[in-house]
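Nothing in this text is a laboratory measurement; each read-out follows from the coordinates by a stated rule. Being a predicted model, the structure only gives us computed values, none of them experimental. All Cβ positions, glycine included, derive from the backbone under ideal geometry; neighbour counts span all protein chains shown.
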Amino acid sequence: METKQMVRYVAIGAVALIVFVIFFNSWVDVEPGEQGFVFKPFNSPSINEDEAYVEGTYFILPWNKMITYEVVNKSKQYVQKVMDINGTDVTVEVSVNYNIIPSRVANLHMKHRENYTIFIDDKAKGSIKDVIGRYTYEQVYSSKREALEGEIEAILERDFEGNYLNLNYVEIADVNLPDNIAAQIEAKETQKQLNLTAKEKQKEQEYLANARIEKARGDSSLIVSARFKAEAIKLEAEQIAKNPQYIELKKWEKWDGQGSPYGSNNVFGDKAVSILKSN
């Protein structure tokens with residue numbers, strides 16, 4: 001009897017342990033920066049493509065499986081040797097920044113599985129080769145980088161559409177040319193900068209010359225004005241010298257009383273200079 005009870009207790013304990021282990025293992029985590037979906041092997045369909053699990057802890061049945069993908073922005077670097085439009089070898093380093101569309105991780109899995117990065121690599125390398133081949137090495141090296149980046153982005157956006165990927169940006173990080181060609185381009189760029197500097201200096205000299213001309217004109221007007229003032233003072237001095245009573249008149253004109261003792265509309269001097277004062 002005791003043996004049967006012992007067996008019973010052992011069986012109950014074993015079942016309890018199994019249940020505990022199953023219960024414990026049925027909790028799964030979706031880490032920060034991830035989204036997931038549940039694979040249900042005994043369901044049809046086994047994957048619900050419209051279902052996505054965000055960051056958190058979830059309870060699922062032990063025979064099901066939570067599959068997660070990182071949906072944060074990622075960047076892949078490509079170093080490629082390609083030919084420009086004239087057949088010159090150009091080595092470019094290009095960064096492609098992308099992310100999986102968070103709500104579409106199940107769709108991505110159904111179409112590409114974990115090998116979706118191979119799809120990205122193939123499309124990125126093809127677009128880089130295609131776009132660089134439309135330009136000269138000089139344009140790639142200096143003047144057309146933004147245009148090149150824009151064209152690569154346009155191609156990848158079309159390729160990513162329908163593949164549950166989002167393109168953020170493309171950046172040409174570096175361009176390497178054969179040494180002799182790179183030296184020629186550097187010399188051209190240096191000369192271009194020197195020419196621009198010379199033009200700026202010429203503009204500065206023209207500005208300073210115009211400023212000196214304007215200053216000279218201003219000084220001339222001051223001289224003319226001073227000359228007229230001097231002549232006016234001289235004329236007044238002559239009037240004073242000829243007519244002592246003129247001084248008295250000027251004094252009375254400044255007085256706030258009854259006015260000049262000589263009245264108004266008087267005439268002074270031998271040459272009949274009229275000095276008028278209104279009441």
Original post:
When the Karplus curve 6.51 cos²θ - 1.76 cosθ + 1.60 is applied with θ = phi - 60°, which whole-Hz ³J(HN,Hα) does each residue of segment 63-74 get, with x for Gly and Pro?
Top reply: 8, 8, 9, 8, 10, 10, 9, 6, 10, 6, 5, 10
**OP:** Indicate the gyration tensor shape class of segment 74-177 (rounded, prolate or oblate), computed on the Cα atoms with a ≥ b ≥ c the square roots of the eigenvalues: a/c under 1.5 is rounded; otherwise a/b larger than b/c is prolate and the rest oblate.
**Re:** prolate
**OP:** Kindly write out, for segment 152-158 in residue order, the coupling ³J(HN,Hα) from the Karplus curve 6.51 cos²θ - 1.76 cosθ + 1.60 (θ = phi - 60°), rounded to whole Hz, with x marking Gly and Pro.
**Re:** 5, 4, 4, 5, 5, 4, 5
**OP:** For each pair in LYS74/LYS129; LYS144/LYS199; LYS76/LYS129, compute the distance between the two Cα atoms and list the pairs where it is over 19 Å.
**Re:** LYS74/LYS129; LYS144/LYS199
**OP:** Enumerate the calculated ³J(HN,Hα) couplings along segment 119-130 in order (Karplus 6.51 cos²θ - 1.76 cosθ + 1.60, θ = phi - 60°), each rounded to whole Hz, writing x wherever the residue is Gly or Pro.
**Re:** 4, 4, 4, 4, 5, 5, 4, x, 5, 4, 4, 5
**OP:** Work out the length of the dipole vector of segment 74-177 about its Cα centre, built from +1 on the beta-carbon of each Lys and Arg and -1 on the beta-carbon of each Asp and Glu, and round it to the nearest 20 debye.
**Re:** 400 debye
